[in-house]
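Asker: Starting off with a structure, shown below.
The values are calculated or read from the model by the stated rules, or taken from the named source; none is laboratory data. Nothing here was measured: the structure is a model prediction, and the numbers come from that model. Positions of Cβ are generated from backbone atoms using ideal geometry, with glycine treated the same way; all protein chains shown enter the neighbour counts.
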Amino acid sequence: MKKIFGYFPGIILSMIIAALAMFIESLLPIHLIGSAVIAMFIGMLLNKFLRSTAVFSSGIKFTSKKILKFAIILLGLSLNITTVLNVGKMSLTVMIFTLLTCFGGGYFIGKALKLNWKLSNLISAGTGICGGSAIAAIAPTIDADDDDVAYAMSATFLFDMAMIILFPIMGRAIGMSDEAFGIWAGTAVNDTSSVVATGYAFSEAAGDFATMVKLTRTLSIIPTVITFAFIQLRLKKKEAAMNSGSSDELKANFSIKKIFPWFILGFVAMSVIASIFSIPTEVVSGTKTVSKFLMVSALAAIGLNTSFSNLKKSGIRPMLHGFIISALVVVVALLVEICMGIV
């Protein structure tokens, strides 16, 4: 019980920032920057003053991880399952090309920048799949160093910060539809929270599409982690000084249960319920409002957990790698959409 109460300060702080951000958004004459982005930057500004305050840390982490997933599950109630499947099908071709760009292009760019293969692939996975979640899932599988994880996280995060602001501007300049922008953001922006922020910064419908595409894209983490697990096992076997139990230990650390995004099943279940049963419009509308507020709160928590000074220490080469790969993904995703006639 004491542990549960320990979450409250961080959760409440995140929600206060979310409420403030939504109020600020309502005052803006032009919808150029969404409440989620505002909340994130407020959080980052406050990080400098709160980083040493342990009373908020557990609640902030809980909000940025668990509450975000719960918000996405709630969002499923406002989305018809047929729409979810159609959007996933439409975005599959785009995702295949972006993943090939990330890991294929990332290999050569990593070589050119003289990055170790683990760091290079962590950045590629974070860019191509789902930001920090993919990096966190793959890192233990390939025995990546903590520094590599931090560099990869920073490289993908910095690009996300820029895209949350630039994507809606570019989308409006191109004249993209809500559906086209949602697919573009869902396949080209990295982290789930950033996709949500980017999508809803463009429009509510685009935010729905982006979230659905992102959830479909997240599933690719499973075959990717399995592939890297086999690569790592193969490399381990080639090491002359390999311990007899090292392969077994690596297999023990690798578990589908640990990396599978279970909240996706909740999202789909809610969407199925909404498709089968006639749910009052007021309930659906209220649920979506709660979902959006919780998402903004999660973005505030992510900002509170992000330090500008730590990002500066990451160095230039990993950042350059992340920038080049991310820029290629943005262009490739847009070109595939144009070829498919989606834009």
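Asker: Going through segment 275-292 one residue at a time, which ones are out of contact with any Ser or Thr (no Cβ under 7 Å at 6 or more places or on another chain) and part of a helix (DSSP H, G or I)?
Answerer: Answer for segment 275-292, where residues must be out of contact with any Ser or Thr (no Cβ under 7 Å at 6 or more places or on another chain) and part of a helix (DSSP H, G or I): ILE276, THR281, GLU282, VAL283, SER285, GLY286, THR289, VAL290, SER291, LYS292.
Asker: Please work out which one of (1) in contact with a Ser or Thr (Cβ under 6 Å, 6 or more places away or on another chain); (2) of a type in the set (A, V, I, L, M, F, W, C); (3) more than 26 Å from SER278 (Cα to Cα) is the condition ILE81 fails and give its number.
Answerer: (3)
Asker: Looking for something modelled with pLDDT under 80 and in a helix (DSSP H, G or I) - is there at least one such residue anywhere in segment 7-28?
Answerer: No, because not a single residue in segment 7-28 is modelled with pLDDT under 80 and in a helix (DSSP H, G or I).
Asker: Same structure, new question: For segment 325-343, enumerate the residues that are part of a helix (DSSP H, G or I) and surrounded by fewer than 19 Cβ atoms within 10 Å (Cβ to Cβ).
Answerer: Hits for segment 325-343 are ALA327, VAL331, LEU335, ILE338, CYS339, MET340.
Asker: Within segment 169-226, take every residue that is within 12 Å of the chain's Cα centre (by Cα) and basic (Lys, Arg) and give me the one that is farthest from ILE96 (Cα to Cα).
Answerer: Applying the filter and picking the extreme gives LYS214.
Asker: Right, here's the next one. Could you list, in sequence order, all residues of segment 36-94 that are more than 21 Å from the chain's Cα centre (by Cα) and outside any helix (DSSP H, G or I)?
Answerer: Passing the criteria: ARG51, SER52, THR53, ASN80.
Asker: Continuing with this model, one more query. Applying the selection to segment 166-200, what residues are at pLDDT below 85, over 16 Å from GLY88 (Cβ atoms) and in a helix (DSSP H, G or I)?
Answerer: Listed by number, the residues that qualify are SER193, SER194, VAL196, ALA197.
Asker: Within segment 136-159, which residues are among the polar types (S, T, N, Q) and either assigned to a helix (DSSP H, G or I) or over 14 Å from THR227 (Cα atoms) (or both)?
Answerer: SER154, THR156
Asker: Now for a separate question. Quick one: which of ILE72, ILE67 is closer than 22 Å to SER194 by Cβ and modelled with pLDDT of 85 or more?
Answerer: After ruling out the rest, the residue left standing is ILE67.
Asker: How many residues does segment 112-143 contain that are aliphatic (A, V, I, L, M), touching a residue at least 24 places away in the same chain (Cβ under 8 Å) and either under 14 Å from THR98 (Cα atoms) or surrounded by fewer than 19 Cβ atoms within 10 Å (Cβ to Cβ) (or both)?
Answerer: So the count comes out to 4.
Asker: Something else now. Hey, can you tell me all the residues within segment 218-239 that are under 16 Å from ALA136 (Cα atoms), hydrophobic (A, V, I, L, M, F, W, C) and either modelled with pLDDT of 80 or more or assigned to a helix (DSSP H, G or I) (or both)?
Answerer: Correct list: ILE221, ILE222, VAL225, ILE226, PHE228, ALA229.
Asker: Another one. Being modelled with pLDDT of 80 or more and in contact with a Leu (Cβ under 9 Å, 6 or more places away or on another chain) narrows it down to one residue among ILE142, ILE96; which is it?
Answerer: When all the criteria are applied, what remains is ILE142.
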